[in-house]
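Below you'll find the structure, written out as structure tokens, and then a few comments.
What follows is calculated from the coordinates using simple rules that are stated; it is not laboratory data. Predicted model only: the values in this text are computed from it and were never measured. Cβ atoms come from the backbone with ideal geometry, glycine included; neighbour counts cover every protein chain shown.
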Amino acid sequence: MKRHILVVGASAAGTAVVQHLRRLGYDGALTLVGAEHHPPYDRPPLSKRFLAGELRPEQLWLTGAGDLDRLATVHRGRRAVAADLAARTVTLDDGTVLDHTDLVVATGVTPSALPGRPGAAVPLKTLDDARALAARLTAGRRLVIAGGGFLGTETAWTALALGCEVTLVARAAHPLPALGGHVGALVGERLRAAGATVLTGRAVSAVHARHTGPGEGPVTVELDDGTRLPADTVLSAIGSAPATDWLAGTGLDLTDGVRCDAGGAAAPGVHACGDVASWYLPRHGGRLRLEHRMHAGEQARVVAANLLGDAQVLDSVPFFWTDQGPHKIVVHGVPAPGARFAPHDPDPGRDRFTGVYRKDGRVTAVLAWNAPKDALRLRRELLAGPDPADRVPARR
């Protein structure tokens with residue numbers, strides 16, 4: 001069989017693999033499978049500027065109209081349902097069987113559903129999800145958000161700006177548990193000051209609705225302590241799981257996503273990248289699955305190079321940011337579970353500070369609150385080691 005690279009998943013990571021392969025000179029057969037009919041688009045703005053009505057769909061596109069079709073054979077609106085690594089085939093949901101010599105898995109994640117009537121709560125994963133939610137977020141509407149992570153808190157800020165009555169239900173003791181108690185508590189405090197009701201240490205046990213369609217009428221949200229919250233719309237933002245069901249039985253290690261080495265290889269002829277992939281990161285000294293837009297792009301670049309024989313590993317510092325209403329949080333590195341956050345050089349008058357995460361005497365990440373320039377400097381210092389907090393100059 002002539003070489004044929006098949007990329008399953010047409011979001012940021014999968015699209016970037018296709019683009020990098022062509023830029024690097026690959027001129028062989030190349031196929032891309034995507035579950036949506038839209039062109040590939042940027043997902044982070046969905047909970048913020050797009051939901052707020054500040055961006056049009058075409059402003060989210062990652063490629064120009066028709067660009068992908070000039071790079072690859074594209075199957076839009078199709079999902080992979082099975083794979084046979086020995087036969088080197090992937091079966092799509094319409095029965096199409098695609099042969100390949102190399103497989104790239106970039107299928108992302110699937111949102112977790114809340115208990116209760118199907119459709120009573122809506123997700124926010126796709127462009128269509130965002131369109132449907134935006135139509136319901138009008139002034140005075142009651143929005144209950146289940147989940148206090150990045151998606152839940154970002155959406156809360158957007159809904160508040162649109163005039164909605166917002167209740168955020170977080171299972172942890174504070175929102176954004178991934179960033180620790182100091183930052184998470186501050187975000188919760190700011191959300192409350194902006195008018196949101198923030199319930200921590202609580203979880204949604206059921207969503208009761210009389211209607212059968214998603215978001216088509218008032219619902220009642222029941223919490224694990226028996227509290228009942230009336231709502232017009234419920235957003236499920238309780239997390240997600242790697243979209244690996246179609247890889248069951250292939251022999252791949254699917255522990256928390258597709259398990260890969262530092263170059264994205266999961267098995268001979270199989271690579272994975274993006275939210276679905278768990279890579280070994282040499283700088284971190286362990287395996288991580290990170291759902292960050294910038295990280296997905298870096299993984300795609302490494303996978304494309306390795307497919308073409310240019311052996312590379314991903315050894316960069318992960319980077320992400322979150323817009324929490326008027327506050328921008330930038331993080332470089334990985335705030336490891338159990339790491340302690342130490343604020344450094346706070347400037348309360350200007351509502352900005354930086355800080356480092358330490359675990360076992362080692363700095364694992366740096367964070368900047370409303371201080372993006374300091375974040376860049378801290379990133380450079382983190383790369384240099386050993387402790388960037390010792391070298392941040394005092395403010396004048």
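For the chain, a crude dipole built from +1 on the beta carbon of Lys and Arg and -1 on the beta carbon of Asp and Glu, taken about the Cα centre, is about 860 debye to the nearest 20. Under a 5 Å amide H cut-off, with hydrogens placed 1.01 Å from N, A241 pairs with T110, S112 among residues at least 5 apart or on other chains.
Build a GNM of the chain with springs between Cα atoms under 10 Å apart, and of D360, D102, D261 the one that fluctuates most is D360. With the helix formula -39500 (n - 2.57) applied to DSSP H stretches of n ≥ 4, the chain reaches a computed 222 nm mean residue ellipticity of -6000 deg cm²/dmol. Under 5 Å from the amide H of V258 lie the amide H atoms of A277, S278, each residue being 5 or more positions distant or on a separate chain, with H modelled from the backbone and absent for Pro and chain starts. Converting phi to 3J(HN,Hα) with the Karplus coefficients 6.51, -1.76 and 1.60 and the offset θ = phi - 60°, the stretch 316-329 yields 8, 8, x, 9, 7, 9, 9, 9, 9, x, x, 10, 10, 10 Hz in sequence order, with x at every glycine or proline. Here the 3J(HN,Hα) profile of the stretch 224-240, calculated from phi with Karplus coefficients 6.51, -1.76 and 1.60 at θ = phi - 60°, is 5, 9, x, 4, 10, 10, x, 8, 8, 9, 10, 9, 8, 10, 8, x, 7 Hz, Gly and Pro shown as x. Sequentially through the stretch 77-90, phi angles give Karplus couplings (6.51, -1.76, 1.60; θ = phi - 60°) of x, 10, 10, 6, 10, 7, 9, 10, 5, 5, 7, 6, 9, 10 Hz, Gly and Pro residues having no value and appearing as x.
If we count every other residue with Cβ under 14 angstrom of T220's Cβ, Lys/Arg +1 and Asp/Glu -1, where does the sum land?
Overall, the nearby charge balance is +2.
Packing, taken as the mean count of other beta carbons within 10 Å per residue, orders the peptides 264-277, 23-36 from highest to lowest as 264-277, 23-36.
With the charge dipole of the chain set up from +1 on Lys and Arg Cβ and -1 on Asp and Glu Cβ about the Cα centre, the Cα lying farthest toward the positive end among the listed residues G188, H37, A132 is that of G188. Database remark: amide H of Q312 closer than 5 angstrom to the amide H of N306 (H placed geometrically; neighbours at sequence offset of 5 or more, or on other chains; Pro and chain starts carry no H). Cross-link reach is defined here as a Cα-Cα straight distance under 30 Å, omitting same-chain residues fewer than 8 places apart; for K125 the lysines meeting it are K48, K328.
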